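Participant: First the structure, which I've put down as structure tokens, then a few questions once you've had a look.
Just so you know, all these numbers are worked out from the coordinates, no wet-lab data involved. Since the model is a prediction, treat every value here as computed from it, not as a measurement. A quick note on method: Cβ atoms are made from the backbone with ideal geometry, for glycine too, and the neighbour counts reach across all protein chains shown.
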Amino acid sequence: MLNLTMPTFVQVIEFLGTFAFAISGIRLASAKKFDWFGAYVVGVATAVGGGTFRDMMLGVTPFWMTDSIYLVCSGMALLCVIMFSKYLIRLNNTFFIFDAIGLALFTVVGVQKTLDCGYHLWVAIIMGTMTGAAGGVIRDVFINEIPLIFRKEIYAMACVIGGIVYGICNIMDMNMHFTHILCGTSVFLVRILAVKFHICLPTLKGGEE
């Protein structure tokens, strides 16, 4: 008898984040003229890279190794890019929007999973940032671009802010679903506003001008 269980709220967030990040990776791979398999590899690496590093550091089995849905989500993202490539290529902000969504959703997942493992909030903020940002670093390395995290744009810092918001909500004993929504929304808004208004962190100047 088939035993079907409803996914938890965090799992739903993780599925959506996987799809969004895979779209962002595959979209950039298509712009670099990758073949379908190469684009899929970039999409999967983008979607599961950060979470894999997180789980290895937390000492648990990487999430995608216990459920094939994450690889299926990445495959669905590839199909979407193939089917709607003309529209996606015309929309220059497609990558940015999906990347921001994935960043926000995976930050929430990373913070929550770390807290569930019994670690302190400051560790959860670091793991949430890694979950959100590391996949993008792998993606950019694969497509031979300077990773966003190393540019002036606010990227990983948005995850840190989201983690702090999560901590404040936790201290105030807010509803868990509401806390997740506020955390993810704060990451998304910080990322969007930083790019829209060209807000960036100061650059470190070397000894020579």
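Participant: Students often forget the sequence filter, so: which lysines lie under 29 Å Cα-Cα from Lys196 once same-chain residues fewer than 8 apart are removed?
Facilitator: Lys196 reaches Lys32, Lys33, Lys86, Lys152, Lys205.
Participant: What whole-number distance in Å separates the alpha-carbon centres of the stretch 72-142 and the stretch 1-71?
Facilitator: That distance is 8 Å.
Participant: Still on this structure, please answer the following. Above 18 Å lies some portion of the pair distances; for the stretch 2-65, what is it as a whole percent of all C-alpha pairs? Intermediate results must be reported in sequence, preceding the final value.
Facilitator: Working: 947 of 2016 pairs.
So the portion of pairs separated by more than 18 Å is 47 percent.
Participant: Return a whole-number percent for the relative contact order of the stretch 9-196, with Cα pairs under 8 Å and 6 or more residues apart as the contact set.
Facilitator: Numbers: 290 pairs, mean separation 47.3, N = 188.
Over the stretch 9-196, the number comes to 25 percent.
Participant: Which of Gln11, Ser68, His198 sits closest to the plus end of the dipole of the chain, meaning its Cα is farthest towards the positive end, when Lys and Arg get +1 and Asp and Glu get -1 on the C-beta?
Facilitator: So the residue furthest toward the plus end is His198.
Participant: Also, I was wondering about something else. Please state the charge dipole magnitude for the stretch 9-196, taken about the Cα centre, from unit charges on C-beta atoms (+1 on K and R, -1 on D and E), reported in debye and rounded to the nearest 20.
Facilitator: Details: 12 positive and 10 negative charges, 133 e Å.
Charge dipole, the stretch 9-196, about its Cα centre: 640 debye, nearest 20.
Participant: If you put +1 on each Lys and Arg Cβ and -1 on each Asp and Glu Cβ, how big is the dipole of the stretch 5-105 around its Cα centre, in Debye rounded to 20? The partial results should precede the final answer.
Facilitator: Numbers: 6 positive and 5 negative charges, 89 e Å.
Approximately 420 debye in magnitude.
Participant: Something else about it: Suppose a student asked you for the relative contact order of the stretch 95-161, using Cα pairs under 8 Å spaced at least 6 residues apart; what percent would you report?
Facilitator: Working: 68 pairs, mean separation 20.4, N = 67.
Across the stretch 95-161, relative contact order equals 30 percent.
Participant: Can I ask one more? So how much slack lies between Met174 and Met56, counting 0.36 nm per residue of separation and subtracting their Cα-Cα distance, in nm? Could the numbers behind the result be given before it?
Facilitator: Numbers: separation 118, 0.36 × 118 = 42.48 nm, distance 2.96 nm.
Working it through step by step, the gained length comes to 39.5 nm.
Participant: Just name one of Thr46, Ala29, Cys159: the one whose Cα is farthest towards the positive end of the charge dipole of the chain (beta-carbon charges, Lys/Arg +1, Asp/Glu -1).
Facilitator: It is Ala29.
Participant: Does the stretch 9-196 come out rounded, prolate or oblate by the C-alpha gyration tensor, with a ≥ b ≥ c the root eigenvalues, rounded set by a/c under 1.5 and, if not, prolate when a/b is larger than b/c and oblate if not?
Facilitator: On the way: a/c = 1.85, a/b = 1.49, b/c = 1.24.
Verdict is prolate for the stretch 9-196.
Participant: Counting only complete DSSP H runs, which helices of the chain cover 15 Å or more along their long axis at the Cα atoms and score a mean Kyte-Doolittle of 1.0 or above?
Facilitator: On the way: long enough: 9-31 (33 Å, 1.45); 36-58 (33 Å, 0.95); 69-83 (21 Å, 2.46); 94-116 (33 Å, 1.33); 121-142 (32 Å, 1.36); 156-171 (23 Å, 1.93); 176-196 (30 Å, 1.30).
Sorted by number, the helices that extend far enough and score high enough are 9-31, 69-83, 94-116, 121-142, 156-171, 176-196.
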